Amino acid sequence: HFWQHYDSRKQKWETTDRLGYAVTGGRKEGYRGFTFKRNVTPGKWRVEVKTENHQILGRIGFSVIEAGSPVSQFKIIRK
């Protein structure tokens, strides 16, 4: 997973982390794998799933907003 943050000053995506992970599979639902990141800054983010040869398999974008108090749960809002 390539975690990327959008730098609005430079007007480009910058990779902050490249995280390897195990992939499990063989079930009806297909294959699964995940990573997580702490201490993200507010703004536009995306995570790209790439092969070892850097071919993009998928990408998901999302925004991080600052909460007024600590958050114990979060909700995904799709537009």
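Take the Cα of Arg9, go 7 Å toward its beta carbon, and the backbone nitrogen atoms of segment 37-63 under 18 Å from that spot belong to 41-45.
Counting only protein heavy atoms and a probe of 1.4 Å, the accessible surface of the chain is 50% carbon and sulfur. Peptide packing for 42-49, 8-15 was compared via the average number of neighbouring C-beta atoms within 10 Å per residue; ordered from the highest value, the list is 42-49, 8-15. Solvent-accessible surface of the chain, averaged per residue with a 1.4 angstrom probe and all protein chains in place: 92 square angstrom.
The count of lysine pairs in the chain with alpha-carbon distances below 21 Å, taking only pairs 8 or more places apart or on different chains, stands at 8.
Legend: translational diffusion of the chain by Stokes-Einstein, Rh = Kirkwood radius over C-alpha pairs, 25 °C, 0.890 mPa s; D = 169 µm²/s.
A 1.4 Å probe over all protein chains sorts Arg59, Arg27, Arg38 by accessible area into Arg38, Arg59, Arg27, starting with the largest.
Taking the average, over residues, of other Cβ atoms within 10 Å as the packing measure, peptides 18-25, 51-58 rank 18-25, 51-58 from highest down.
The values are calculated or read from the model by the stated rules, or taken from the named source; none is laboratory data. All figures in this text were calculated on a predicted structure; none of them were measured in a lab. Neighbour counts are summed over all protein chains in view; Cβ atoms, including those assigned to glycine, are modelled from backbone coordinates with ideal geometry. Ligands, DNA and RNA are stripped out before the accessible areas are found, and what is left, the full protein with its side chains, is counted by its heavy atoms. Shrake-Rupley method; radii C 1.70, N 1.55, O 1.52, S 1.80 Å.
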